[in-house]
Amino acid sequence: MNFKNLFITALRALNRNKMRSALTSIGIIIGVSSVIMMIGIGNSARIAVREKIFTYGANAMSVYDSKKPLTLRDVENIDRLLPQVRYISPFVYKSYVLTKGGGQFIYSRLYGVNNDFFKIKSWPLTNGRYFTEREIAASEKVVIIGNSVRTELFGYTNPVGEVLNVDGLPFKIVGLLTEMGQALSGRDFDNVLIVPHTTAAMKIMGKRTFDEIYVSTYSETEIDETVEQLKEYFRRTHVILPGKMNDFKIKTSKEKLQMVKYISNTLSILLAGIASISLFVGGVGIMNIMLVSVSERTREIGIRMAIGAKRRDILTQFLIESVTLSGAGGIVGMLLGLGVYYLIIFFVDWPFIFSFFSIIVAFFFSCAVGIFFGYYPARKAADLKPIEALRYE
């Protein structure tokens, strides 16, 4: 008996019990759809988190927690000595600043930067303009505000040209930032005031030094080299002897991305493993139904053996039935999984990542479940003795 005939015979056998075949496939359908959903959601979450990380800046790094003051001379020297540096900005930070405007008040974070900061973070304006060189040099009291500050103090009107009272000083609003949303921790990126670094340092913080220096390279491949050169520069300027610990720290977007990649991969494996339990349950269901089928068709098996069917023909026929059940369930599960995955990422506004590899793996895994759990019933059918099978009632 050739494979085509065996396949047709298997389909006819399954077709005689449509409801039982459909119910048997449900476990495989749920398992495969769960695997597809979990892998897809894991991939989408990785991209979404990557975008959140990149709000720190693509190809970016920061020198911070320095025991010696970071100065404008450091900024100028780094910009001059490191040709791969594309953007560089001083950074002055104050956590909570009382801000009044439009008859309302709000506590916001305050950043002191230059215009390169906006390029590092890829943070464009909705209205207004960036700082002029004269405003930075003269420590002018001008401010660019985040969208949350705008809505809290001025509603949804254009705030450019309005005056804010920031930490007791009047500031003119010259720009409005595009909305960035919230961090994974829930922190509001848009509740921020950005002023020239000279203004923040001297008129608000009362100093001439910086808390951090932000640096961005032309490409991601230059990050490691730049980090090493920054270490060499600060060790030299801070007169740190060989073998001594650095008195400063450098963090990069690359390090955060690697950490996120590791966490997301671990979660994807964990979720896929949990979803695979459904495939195991579905496989047990297939084994159970195939054993019932063998019992019901014992006399049929005996007749086939009596007219010349070989042991391998019986074994192959029942394996084909098992694989057909699991394969059909796998196809339906893939379609269901993709559909539910698309709905989920549509509502959470994550990118849709179609993984052809995961589809192929899920399908072949479902077929493998059919072979694994169908082998024992198939072997039991093949091991029947023709005489005993024909006597079976």
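Throughout, read-outs are computed from the coordinates displayed, never taken from laboratory work. Nothing here was measured: the structure is a model prediction, and the numbers come from that model. Cβ: placed from backbone, ideal geometry, glycine included. Neighbour counts: every protein chain shown.
Here are a few things to note about the model shown:
- Average Cα contact separation per residue, the chain, under 8 Å, 6 or more apart, as relative contact order %: 29
- Residue-averaged 222 nm ellipticity for the chain, from DSSP H runs of 4+ at -39500 (n - 2.57), nearest 500: -18500 deg cm²/dmol
- Given [x] -0.38, -0.73; [y] -0.43, -0.80; [z] -0.63, -0.85, the label whose value is log10 I(q)/I(0) by the Debye sum over Cα atoms at q = 0.08, 0.11 Å⁻¹ derived from this model: [z]
- Length released on extending from R134 to R80, taking residue separation times 0.36 nm less the Cα-Cα span: 17.3 nm
- Approximating the spin labels as points 7 Å out from Cα along Cα→Cβ, the L241-to-Y93 distance works out to 3.2 nm.
- The spread of Cα positions in the range 66-247, taken along each principal axis and listed from longest to shortest, comes to 57, 34, 34 Å.
- Förster radius 51 Å - calculated FRET efficiency between I26 and L72, Cβ distance, rounded to 0.05: 0.15
- With the highest mean first, a sort of the peptides 106-113, 346-353, 123-130 on other beta-carbon atoms found within 10 angstrom per residue produces 106-113, 123-130, 346-353.
- Proximal lysines relative to K172, as straight alpha-carbon distance under 20 Å, when same-chain residues fewer than 8 apart are discounted: K94, K100, K141, K203
- Taking amide H as placed 1.01 Å from N in the peptide plane, the amide H of D211 sits under 5 Å from that of F91, V92, Y93, each at least 5 places away or on another chain.
- Nearest 10 degrees, 0 to 90: helix 18-53 Cα axis against the chain principal axis: 20
- Potential lengthening between K249 and K172 on full extension [0.36 nm per residue; Cα-Cα distance subtracted]: 24.2 nm
- Trypsin sites (Lys or Arg not before Pro) lying in DSSP loop within the range 135-226, provided at most 16 other Cβ fall within 10 Å: R187, K207, R208
- 0 to 90° range, to nearest 10: angle between helix 356-382 axis and the chain longest Cα axis: 20
- Phi-based couplings in Hz for the range 145-162 (Karplus 6.51, -1.76, 1.60; Gly and Pro marked x): 10, x, 5, 5, 5, 4, 5, 5, 9, 10, x, 10, 7, 6, x, 4, x, 6
- Potential extension, T266-N288 segment - 0.36 nm per residue separation minus Cα distance: 4.6 nm
- With Cα atoms, 0 to 90° folded angle of helix 3-15 axis to the chain main axis: 90
- Residue with peak Gaussian network fluctuation, the chain [Cα springs, cutoff 10 Å], from Y376, Y156, Y262: Y156
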